[in-house]
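Below is one structure, written out as structure tokens; the observations come after it.
Every number in this text was worked out from the coordinates using simple rules, so none of it is lab data. What you are looking at is a predicted structure, and each value in this text was computed from that prediction instead of being measured. When we count neighbours, we look across all protein chains shown, and the Cβ atoms used for this are built from the backbone with ideal geometry, even at glycine.
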Amino acid sequence: MHDLVIIGSGPAGMTAAIYGVRSNLSVLLLDRLAPGGQIVNTSEIQNYPGMGTINGAELAIKMYQHTQELGVEFDYLTVTGVTPGEKGFSLTCAERPDDPVEARAVIVATGTTPRTLEVEGEDRLRGNGLSWCAVCDGAACRDQDVVVVGGGNSAVEEALFLSELASSVTVLVRRTMRADPASCDRLRSRDNVTVMEGWNAVAFEGAACLESVRVRCAATGEERQIACQHAFEYVGLEPVTSFVADLGILDDAGYVVVNSGMGTTVPGVFACGDCIEKDLRQVVTACSDGAVAARAAARWLKNA
């Protein structure tokens, strides 16, 4: 049995692991994917103190190396359930359903997954011109026409990245731009970028591959076709928390509700990072959450 099992290896989970080990806890870090979470798919991070401008995957590697220097145990497992017991918690994993992971305390740091538009052609053209990761698929966009859907920080950052590769980038914003003003100014200054505020994507069209996006003006109902070879959606995120739904710690949107110490209403279960109810979801706040959660877990274990 480990003192602390952390589910999710994004910035919040890896920071929690670092603080957990430094509190002399036996720590196991679990994730179904490579360490890093959403930052692995981010082309540039410019607001993490001390790093200047850094590629998200590079920052993820640095964080993971830090955990390994401290001896954090890591395993590729998909947690499907957390069950409280007399001596701690049993974590059921998809890869070994009959051999649960045992923990005295648990930190949920599973982050979020991209939300979809649920419009015509989305499922059919997924991976055939339609993507949710510009870093992963941007290389295929060189000298082509691209559409980006969304007006938040992720959409703007990825549109900036794509503007350096693509012939043209059209950004569809349902209402108005919500990203950092400085980033919006940079985007609007690009000669090959067109920002269409008040326009929605209503269908992705094409035979075998994406050929165009049908868009509609929210104010007038006018529809247009935008020819393109690639489109990227950045329309929000869904928390990855269904595996703890039975614990009664989620709000109506599926985010984990925590107190100032990242504790939930279930003693011994903590949460941090993008999967919790919070106002600002950034790398720096995720790391802060992870540090607080690990320290709170260490105190709780000491008194348990």
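Annotations
- Listed peptides 105-111, 90-96 appear in the order 105-111, 90-96 once ranked by packing, highest mean of other Cβ atoms within 10 Å at the front.
- For GLY81, distant residues with modelled amide H under 5 Å away: THR92
- Structural descriptor for the stretch 91-174: relative contact order 22 percent, calculated from alpha carbon pairs under 8 angstrom and at least 6 residues apart.
- Overall form of the stretch 122-233 per C-alpha gyration tensor (a/c, 1.5; a/b vs b/c): oblate
- Relative protection proxy for 273-286, 215-228, from highest mean packing down: 273-286, 215-228 (other beta-carbon atoms within 10 angstrom).
- In terms of other Cβ atoms within 10 Å, SER260, SER288, SER131 run from fewest to most in the order SER260, SER288, SER131.
- Cα-centre dipole for the stretch 61-172 with unit charges at Cβ (Lys and Arg positive, Asp and Glu negative), debye to 20: 180 debye
- The chain: Cys lacking any partner C-beta under 4.7 angstrom: CYS93, CYS141, CYS184, CYS209, CYS217, CYS228, CYS272, CYS275, CYS287
- Ordering PHE243, ALA219, ALA103 by Cα displacement along the dipole of the chain toward the positive end leaves ALA103 in first place; charges were set at the Cβ atoms of Lys, Arg (+1) and Asp, Glu (-1).
- Size of charge dipole - the stretch 122-233 - debye, nearest 20, with Cβ of Lys, Arg +1 and Asp, Glu -1, no other charges: 240 debye
- Here the dipole of the chain is about 700 debye; that uses its Cα centre as origin and unit charges on the Cβ of Lys and Arg (positive) and Asp and Glu (negative).
- Over all directions, the projected convex hull of the C-alpha atoms in the stretch 1-141 averages 10.9 nm² in area.
- The value of relative contact order for the chain, using C-alpha pairs under 8 Å at least six residues apart, is 21 percent.
- The structure-derived value of percent of Cα pairs over 28 Å apart appears in the list [x] 43; [y] 33; [z] 38 under the label [x].
- Note on ILE54, ILE18, ILE7: ascending count of other Cβ atoms within 10 Å places them as ILE54, ILE18, ILE7, the fewest first.
- Values of log10 I(q)/I(0), in the order q = 0.14, 0.20 Å⁻¹, for the stretch 163-304 under a Debye, Cα-only, solvent-free model: -0.84, -1.13
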